[in-house]
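Every read-out reported here was derived from the displayed coordinates using simple, explicitly stated rules and does not represent laboratory data. If you're wondering where the values come from, they're calculated on a predicted model, not measured in any experiment. Reconstructed Cβ throughout: ideal geometry from the backbone, glycine too, with neighbour counts over all protein chains shown.
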Amino acid sequence: MRKMLHLRVAWLHDFPDEPVEILSEVGTDGYERRKVERFRDGRIGWADEKCEVGGTGLGEVPVPPLDEINAQPEFVATRIAGDEFERAWTQALSGQ
């Protein structure tokens with residue numbers, strides 16, 4: 001069984017309407033529980049199991065292991081501490 005984990009994924013691309021950083025809280029079942037997306041222009045979107053804001057939504061399939069994410073050259077994924085995710089979550093909810 002997987003443990004709850006928190007991820008930061010840098011998405012290296014030139015698409016103006018897509019996030020450049022994605023922070024996810026992943027449940028023990030492998031599915032996202034909460035997500036924060038940061039965009040190049042400073043916008044922040046967020047989603048949880050009840051709300052979607054700024055075009056951000058939770059994934060519909062389990063989050064793959066870090067090595068699978070990092071095998072794709074446009075992504076750089078790392079684990080982060082739960083308190084780091086909480087700070088980003090609080091910032092997103094406050095609209096900053």
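Return the residues of the stretch 43-93 that are in a strand (DSSP E or B) and of a type in the set (Phe, Trp, Tyr); say none if nothing qualifies. Step through it out loud before you land on a result.
Narrowing the stretch 43-93 to residues in a strand (DSSP E or B): 44-47, 52-53, 75-79.
TRP46, PHE75 - these are the residues of the stretch 43-93 that are in a strand (DSSP E or B) and of a type in the set (Phe, Trp, Tyr).
Would it be correct to say that ARG43 is basic (Lys, Arg), under 19 Å from GLU18 (Cα atoms), in contact with a strand residue (DSSP E or B) (Cβ under 9 Å, 6 or more places away or on another chain) and surrounded by fewer than 16 Cβ atoms within 10 Å (Cβ to Cβ)? Talk me through it step by step, then tell me what you get.
Numbers: basic (Lys, Arg): yes; under 19 Å from GLU18 (Cα atoms): yes; in contact with a strand residue (DSSP E or B) (Cβ under 9 Å, 6 or more places away or on another chain): yes; surrounded by fewer than 16 Cβ atoms within 10 Å (Cβ to Cβ): yes.
Taking the combined requirement at face value, the residue satisfies it.
Pick from the stretch 68-96 the residues that are closer than 17 Å to TRP11 by Cβ and free of Cβ contacts under 8 Å to residues at least 12 places away in the same chain: which of them is surrounded by the most Cβ atoms within 10 Å (Cβ to Cβ)? Top of the filtered list is ASN70.
Set side by side, the residues GLU60, GLU86, GLU68 differ, and just one is more than 18 Å from ARG33 (Cβ to Cβ) and not small (Gly, Ala, Ser), which is GLU68.
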